[in-house]
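FYI, it's all coordinate maths here, none of it is from the lab. On a predicted model such as this, the values are computed, not experimentally measured, just so you know. Using ideal geometry, Cβ is built from the backbone for each residue, glycine included, and neighbour counts are taken over all protein chains shown.
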Amino acid sequence: SSYNFENESVEPDVPLQHGNILSPLLKALSEQNPWGEFTHRTKPDSRYVRYMRRLYKQSSKPYRSPEASHLYNTARLITPREECLKQNREFFMQDISYSLNRVRSQEHLLKSVLLYSFDHNHLSPFSLLCYLDMKEQKSSKDQMCSNHLGIQHSVPLLSFRVHHRWVEVDVTSFLHPLIQAHKKDIHLLINLTCVEDMISRPGGQIHKSPVELTPRSPSLLLYLNDTSEVAYQRRSTQGRMVDLTSNHWDGKSTLWELTSRRRR
Amino acid sequence: GTLKSSETSMPKLVPMYEFTTDDCDLYDFRVSFKELKLDHWIIEPKKYNPRYCKGSCPRNVGFMYGSPMHTMVQNLIYEKLDSSVPRPTCVPSEYNPLSVLTFENDKSYAYKEYEEMIATKCACR
């Protein structure tokens, strides 16, 4: 039988389109592969799985902390298209393309961040001063990775503390029009230049050398509010959107530290 | 010695939940996404307990099962007027959402909160 999810009827034997959980659940119950017969199974990247598991734990707590009363009921972590990265690696700007195929029309953008992963040998958190320069590229139909320059966006010096291996750089104001236009792909030229913050360290020495960012290109993390019937509608208790990133890494009482402290 | 008269004449009441009845009630139904061969797609949670409602609905339901007045009316219709009208049945009346983290086949990751995925209460209606 067919089920009508959000104005689209999904046949059990139709490959899953947008991560809708119920259709593959039914398929699994009728012993069919939820991704369709011929999809090869790629393994998820353990770093991203760890990161998203933390987000899952923080977000799915039955009672979110009051300051985290944000409205998102969907978060999507989109990794850059591999095929474009190879092509333009020699440019000092990273040419990055993201596929927004999965973002549905009823998923409204609340916040978007570039997620950088750091490889560093610092034992304690440290601060960075960074300058982000970002341009949108216009893609022509026949080319997936193109080099027309479009809208430019420069974010002045950012200062953030590096916890663990991830840094989120907020680019909501720049990406909002692109994502709300329901583009299926976005092509960006991105350059993030960072030096370590000049905070003197205990013991008096000041560390000046620029921190080498990993060559890995940032992934795109979108916080969305899905207004479709399938999604759980959160009632805003405070009616305003708070900084979504702070409650992950505010360092004061993150779940991660609490559990490790308790275990210790 | 001798028991007080009040003790000998009152039956000893047993709390209701010690009686197994077939009245409308909520039951667990645990599935593991690994068993369903969905764990390569659903990263979290590992298990899912949607629960379900089962049991008979007494004739004069009243509010004991959180049933609206209409339930009694439907019962009357079934008994007195037209037995082709079904009797009230035991169904879920309240739900909880379920948060799911999935790995999509375009290598993106999706966290989503799905509405009404776990039954938390039953009602006769």
Exercise for review: Mind giving me the nanometre distance, one decimal, between the label points for B:Thr89 and A:Gln233, set 7 Å out from Cα along Cα→Cβ?
Suggested key: 2.7 nm
Exercise for review: Taking every pair of Cα atoms in segment B:41-125, average 1/r, invert it to obtain the Kirkwood radius, and report Rg/Rh to two decimals.
Suggested key: 1.23
Review point. Under 5 Å between amide H atoms, partner at least 5 residues away or on a different chain: which partners does B:Ile43 have, H built in plane at 1.01 Å?
Key: B:Leu101, B:Thr102, B:Phe103
**Study point:** Entries of B:Lys46/B:Lys107; A:Lys61/B:Lys37; A:Lys57/B:Lys121; A:Lys183/B:Lys46; B:Lys47/B:Lys121 with Cα pairs more than 28 Å apart
**Key:** A:Lys183/B:Lys46
Review point. Say R0 is 45 Å: what FRET efficiency, to the nearest 0.05, do A:Thr42 and A:Thr193 get from their beta-carbon distance?
Key: 0.90
Point to revise | Label-to-label distance, nm, for residues given as B:Ile77 and A:Thr172 (7 Å Cα→Cβ offset) | key: 5.0 nm
Point to revise | Amide proton proximity set for A:Asn101, modelled H, under 5 Å, gap of 5+ | key: none
Revision key, fill the gap. Karplus-derived 3J(HN,Hα) from phi for segment A:100-115 (6.51 cos²θ - 1.76 cosθ + 1.60, θ = phi - 60°), whole Hz, x at Gly and Pro, runs 9, 3, 6, 6, 8, 4, 8, 9, 9, 6, 9, 7, 9, 10, 8, 9
Practice item. Just tell me how shielded B:40-47 is by partners: mean number of partner chain Cβ atoms within 10 Å of each residue's Cβ, no decimals. Key: 5
